[in-house]
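Bear in mind that the values in this text are calculations on the coordinates, not laboratory data. All of these numbers come straight from a predicted model, not from anything done at the bench. A quick note on method: Cβ atoms are made from the backbone with ideal geometry, for glycine too, and the neighbour counts reach across all protein chains shown.
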Amino acid sequence: MLSQLSRRDCLKWGSTGIGLYLIGSNSPQWLAAQQVPPDHQLIVRTETPLNAEPSLDKLLEHWITPTAAFFIRNHGTAPKIDAKGYKLTIDGLVEKPLTLGLSELTEQFGLHSVTATLTCSGNRRTEFNRVKKVPGVQWDAGAIGNAEWRGSRLSDVLKKAGIKPGAKHVWFEGLDEITEKGETFPFGGSIPLEKALADTPAAPGCLLATMMNGKPLTTEHGYPLRTIVPGFIGARSVKWLSKITVSDQPSPNHYLAHAYKVITEDTPAAVDAAPPIYEYPLNSIICSPAPNAMVSGERLTVRGVALSSGRTGTRIKTVEVSADGGSTWQSTRITSPIRDFCWLHWSVEVPLTPQTQSLLVRAVTTDDESQPQETPWNMKGYQYNGWHKVDLKVS
Ligand code: MTE
């Protein structure tokens, strides 16, 4: 039986050819809603599944990215879930498996706030194409955003379930269904148990988030529940979360066991040998001026964002810009809050000469890791973090 809301939505979406899905007992009724949110401020890269990113100047407007300007990365169709029947299960290597509705989760474990930047491992993928074309969503550098997430602490829920000896990984499974090479499976993945339990005032831990920027999650961003794993690539922050399994092994889900790995040849042996990507890399990009902008005058204001690597305890030490092809570098000024697992905004004025052809940016962390000039090419186009270059037209 469909709920009133679902029945109405079904008729609405049915007339536009969008399908209805019913799933098993723990699963609520849901509808596939594949549409760009009406108020979005995004460039759509693919419509089905929906993948969209803001233009880079949008990233500068707010340190906390408004939801309408926050990139969307979907591997399948976004399920529209009726929260009333929704249940989260926690099983595997636990003393006491749990099944929790949304209100039980909040009542028992409270709501905690974590501000964290989410970025896709494929962000800046198009820059690999300079070497050799990489398949996949052709992201510019906008698959990144910083939001205030609210929800229950994953560590509290796991402790309540009681972690059994031998547990090493925490698996997540979503309610979306993805069909690849004739097989249909949910999006999922896992994180090491150590990361799942790492919760300190200095390094805020993982959330089972119900809210983004003070409002319930939108369908596109995982309503009614998603994980947020600060410091890890976006793929580990599983949307439409339905199941958590504690295990002695990493998740066998495709998006942990096969995809999201840095490989240079696509053979089963190469995929098996490569470790899953967890942390995102140190990065910085120029958001203004835009590529090929016409600029004039003696000085130019350059602005952008930088994100330290997702390693716990690492922060940005400097962000430097060069207006002469990398011969000299100028330190930038930080213009936003500086927080663990969050991007920062920077700004600098550089001299402009008729010889200025481009701008470059690079960042260095507090443990002296520098962005590489180029990122070595890989087959799936992940983790690009070479110096970001913006060409200019000087008049
Ligand atoms: N969770 C589910 N269930 N399905 C997905 O396709 N995409 C992942 C992650 N969680 C995905 C998912 C990827 S690759 C990224 S980068 C982030 O969600 C993007 O989150 P956003 O769409 O809220 O920006």
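Name the long-range amide H neighbours of MET211: under 5 Å, sequence gap of 5 or more, or other chain; modelled H, no Pro or chain starts.
Amide H to amide H, under 5 Å and 5 or more residues apart or across chains, MET211 pairs with ARG150, LEU217.
Would you look at the GNM of the chain, springs on alpha carbons closer than 10 Å, and say which of TYR384, TYR86, TYR260 moves the most?
TYR86
Whole-Hz Karplus ³J(HN,Hα) for region 249-258, in order, using 6.51 cos²θ - 1.76 cosθ + 1.60 and θ = phi - 60°, x for Gly and Pro?
10, x, 4, x, 4, 3, 7, 10, 7, 10
How long is the gain from ASN292 to ILE334 if the chain were fully straight, where each residue apart is worth 0.36 nm and the alpha carbon distance is subtracted?
Details: separation 42, 0.36 × 42 = 15.12 nm, distance 2.48 nm.
Full extension from ASN292 to ILE334 adds 12.6 nm.
Once you keep just the Cα pairs under 8 angstrom separated by 6 or more residues, what percentage relative contact order results for region 283-394?
34
At 1.002 mPa s and 20 °C, plugging the Kirkwood radius over alpha-carbon pairs of region 283-394 into Stokes-Einstein gives what diffusion coefficient in µm²/s? Kindly include the intermediate steps, with their values, before the conclusion.
Working: Rh = 14.5 Å.
It diffuses with D of about 148 µm²/s by this estimate.
In whole Å, what is the distance between the alpha-carbon centres of region 50-68 and region 110-168?
16
Please give, to one decimal in nm, the separation of the simple spin-label points placed at ASP57 and SER358, each 7 Å out from Cα toward the Cβ.
Using points 7 Å along Cα→Cβ, the separation is 2.2 nm.
Using modelled backbone amide H atoms (1.01 Å from N, in-plane), which distant-in-sequence or interchain residues come within less than 5 Å of SER121's amide H?
Long-range HN contacts for SER121: GLY234, ALA235.
At a 10 Å Cβ-Cβ cut-off, how would you order CYS342, CYS120, fewest neighbours first?
CYS342, CYS120
³J(HN,Hα) across region 295-310 via Karplus (A = 6.51, B = -1.76, C = 1.60, θ = phi - 60°), whole Hz, x for Gly/Pro?
Values per residue, Gly and Pro as x: 10, 8, x, 9, 9, 9, 8, 10, 9, x, 10, 9, 9, 5, 5, x Hz.
Evaluate the distance, in nm, between pseudo-label points positioned 7 Å from the Cα of GLU104 and of ILE43 along their respective Cα→Cβ axes.
That separation, rounded to one decimal, is 4.6 nm.
Taking square-rooted eigenvalues a ≥ b ≥ c of the alpha carbon gyration tensor, is region 341-395 rounded, prolate or oblate, where a/c under 1.5 means rounded and, failing that, a/b exceeding b/c means prolate?
oblate
Using Cα springs under 10 Å in a Gaussian network model of the chain, which residue among GLU95, GLU220, GLU279 shows the largest mean-square fluctuation?
GLU95
What ³J(HN,Hα) values, in whole Hz, does the Karplus curve 6.51 cos²θ - 1.76 cosθ + 1.60 give for region 67-75 when θ = phi - 60°, with x put for Gly and Pro?
Values per residue, Gly and Pro as x: 4, 5, 10, 8, 4, 10, 10, 10, 8 Hz.
Assign one of three labels to region 211-280, namely rounded, prolate or oblate, based on the Cα gyration tensor with a ≥ b ≥ c the square roots of its eigenvalues; rounded applies when a/c is under 1.5, prolate when it is not and a/b is larger than b/c, and oblate otherwise.
Prolate is the answer for region 211-280, as a/c is 1.5 or above and a/b outweighs b/c.
Could you put MET379, MET212, MET294 in order, starting from the residue whose Cβ has the fewest other Cβ atoms within 10 Å?
Working: MET379 18, MET212 24, MET294 9.
Ordered by Cβ neighbours within 10 Å, fewest first: MET294, MET379, MET212.
Quick check: residue separation of GLU265 and ASP91 times 0.36 nm, minus the Cα distance between them. What number comes out in nm? Could the numbers behind the result be given before it?
Values: separation 174, 0.36 × 174 = 62.64 nm, distance 3.58 nm.
Computed gain between GLU265 and ASP91 is 59.1 nm.
For MET379, enumerate residues with amide H under 5 Å from its amide H, sequence gap 5+ or separate chain, H modeled in the peptide plane.
For MET379, whose amide H was placed from the backbone, the distant partners under 5 Å are ILE263, THR264.
Under the rule a/c < 1.5 gives rounded, and otherwise a/b versus b/c splits prolate from oblate, where does the chain land using the Cα gyration tensor? Provide the component values of the computation, followed by the final result.
Numbers: a/c = 1.82, a/b = 1.59, b/c = 1.14.
Prolate.
Run the dipole for the chain about the Cα centre, Lys and Arg Cβ at +1, Asp and Glu Cβ at -1, nothing else charged, and hand back the magnitude in debye, nearest 20.
With Lys and Arg at +1 and Asp and Glu at -1, about 440 debye.
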